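*Asks:* Just dropping this structure here.
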Amino acid sequence: SPAELEERFDATIAADQRVEPRDWMPEAYRRTLIRQIAQHAHSEIIGMQPEGNWLLRAPSLRRRAILLAKVQDEAGHGMYLYAAAETLGVDREELTEKLIDSKQKYSSIFNYPTLSWADIGVIGWLVDGAAIANQVPLCRCSYGPYARAMIRICKEESFHQRQGYESLLALTAGTEAQKRMVQESVDRWWWPSLMMFGPADGDSPNTHRSMAWGIKRHTNDELRQRFVDMTVPQAAVLGVTLPDPDLRWNPERQAHDFGEPDWSEFTAVVSGAGPANRQRLDHRRRAHENGAWVREAAQAYAEKQAGKQGA
Ligand code: ACO
């Protein structure tokens, strides 16, 4: 009976076990997962663009090979995540269309332009660092396919974070101009990185329910704090300043105090008015349209193979 199904679901969540695709789940749980996983998948795919912008301008063959591998990893992450979303009964094609029609979101961070080579290192350090802080707890998400995809993704993200940091170590050990380039980049990316964790807890409509369901394990503010505490000593090693006059160690809390991100900027970027929203979606739409023949050919081939097996 429906009541028994619901009881079984509640017991699975209470025992911290995994919900699998064939299990019964409340419609709202399914919808929340589709929303979050699709947004996450779209972020990986859109996130290829700001870095792809530097592929042909990387300063050496080695840096180009590393960046190319990283951008390809992101495509792979998008694919695992779309596959995880498909286990919930949606279709990848439908999700992509919702993205290009602006009916589903992707992370605010990818709406900022990459203006210097240092941005590539800073994205690895700060953006991938924030992604790891946010995503490691998702490896324990109550929905099995998402949790398993996250394990693999987090391993690759931590490699991405280290390559970014290593690239910045090289720049900060370089000339005065290189050091200035890194500082200028950190100044632009610091606040948008903090916004990646989402609105403050009081303004986050989904956190409470997602935590009760074991989808999210921490609130947005908890993860933002963890990221700040992790990043401050790394900034000191690099010799860069984080652009926040209110940032300081608070011995009572055993954590850093820090300033408030500009939430009006966050709202504007999420609702489509960021510096590169238009460009990102136009590019994605064009790529999708240009790829139509590949999908058609794959479909025709699959049908032909199915026909052969039937005969
Ligand atoms: N960029 C764009 N939209 C955001 C962001 C952000 N940084 N943060 C929150 N939002 C959206 C939420 O999707 C939600 O919108 P919706 O209800 O219309 O779907 C709204 O703002 C309110 O936020 P919350 O109630 O806090 O939403 P939620 O509980 O989903 O938490 C979070 C947001 C933390 C981003 C969560 O969805 C999550 O952990 N997602 C998985 C990680 C992810 O998507 N990472 C992508 C960037 S990292 C990378 O790809 C390298």
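*Asks:* Checking the condition aliphatic (A, V, I, L, M), farther than 30 Å from residue 265 by Cβ, out of contact with any strand residue (DSSP E or B) (no Cβ under 9 Å at 6 or more places or on another chain) and modelled with pLDDT under 95, which residue from 3, 65 passes?
*Replies:* When all the criteria are applied, what remains is 3.
*Asks:* Are any residues in the range 173-202 more than 16 Å from the ligand (Cβ to nearest atom), in a helix (DSSP H, G or I) and of a type in the set (Ser, Thr, Tyr), and if so, which ones?
*Replies:* Narrowing the range 173-202 to residues more than 16 Å from the ligand (Cβ to nearest atom): 173-188.
Still in the running and in a helix (DSSP H, G or I): 176-188.
The one that is more than 16 Å from the ligand (Cβ to nearest atom), in a helix (DSSP H, G or I) and of a type in the set (Ser, Thr, Tyr): 185.
*Asks:* If you go through the range 153-161 one residue at a time, do you hit one that is aliphatic (A, V, I, L, M), surrounded by fewer than 20 Cβ atoms within 10 Å (Cβ to Cβ) and modelled with pLDDT of 95 or more? Before you say what the answer is, go through the steps one by one.
*Replies:* As a first pass, look at the range 153-161 and keep what is aliphatic (A, V, I, L, M): 153.
If we keep only those that are surrounded by fewer than 20 Cβ atoms within 10 Å (Cβ to Cβ) as well, we get none.
No, the conditions are met nowhere in the range 153-161.
*Asks:* Here are 107, 142: which of them is more than 16 Å from residue 40 (Cα to Cα) and either surrounded by 22 or more Cβ atoms within 10 Å (Cβ to Cβ) or under 13 Å from the mean Cα position of the chain (by Cα) (or both)?
*Replies:* Numbers: 107 fails: more than 16 Å from residue 40 (Cα to Cα).
Criteria check complete, one pass: 142.
*Asks:* Follow-up. Could you list all residues from the range 35-52 that are without any contact (Cβ under 8 Å) to a residue 60 or more places away in the chain and surrounded by fewer than 21 Cβ atoms within 10 Å (Cβ to Cβ)?
*Replies:* Within the range 35-52, just 52 meets the criteria.
*Asks:* Confirm whether residue 229 is assigned to a helix (DSSP H, G or I), of a type in the set (D, E, K, R) and surrounded by 14 or more Cβ atoms within 10 Å (Cβ to Cβ). Give the derivation first.
*Replies:* Values: assigned to a helix (DSSP H, G or I): yes; of a type in the set (D, E, K, R): yes; surrounded by 14 or more Cβ atoms within 10 Å (Cβ to Cβ): yes.
Here the answer is yes, as residue 229 does meet what is asked.
*Asks:* Determine if the range 10-24 includes at least one residue that is closer than 17 Å to residue 283 by Cβ and buried (at least 16 other Cβ atoms within 10 Å of the Cβ).
*Replies:* No, the range 10-24 contains no residue that is closer than 17 Å to residue 283 by Cβ and buried (at least 16 other Cβ atoms within 10 Å of the Cβ).
*Asks:* Could you tell me how many of the residues in the range 1-37 are among the aromatic types (Phe, Trp, Tyr) and either within 26 Å of residue 105 (Cβ to Cβ) or outside any loop (DSSP other than H, G, I, E, B) (or both)?
*Replies:* Quick first cut of the range 1-37, residues among the aromatic types (Phe, Trp, Tyr) only: 9, 24, 29.
Subset that is either within 26 Å of residue 105 (Cβ to Cβ) or outside any loop (DSSP other than H, G, I, E, B) (or both): 9, 29.
Qualifying residue count for the region: 2.
The values are calculated or read from the model by the stated rules, or taken from the named source; none is laboratory data. Model, not experiment: these values are computed from the prediction. Reconstructed Cβ throughout: ideal geometry from the backbone, glycine too, with neighbour counts over all protein chains shown.
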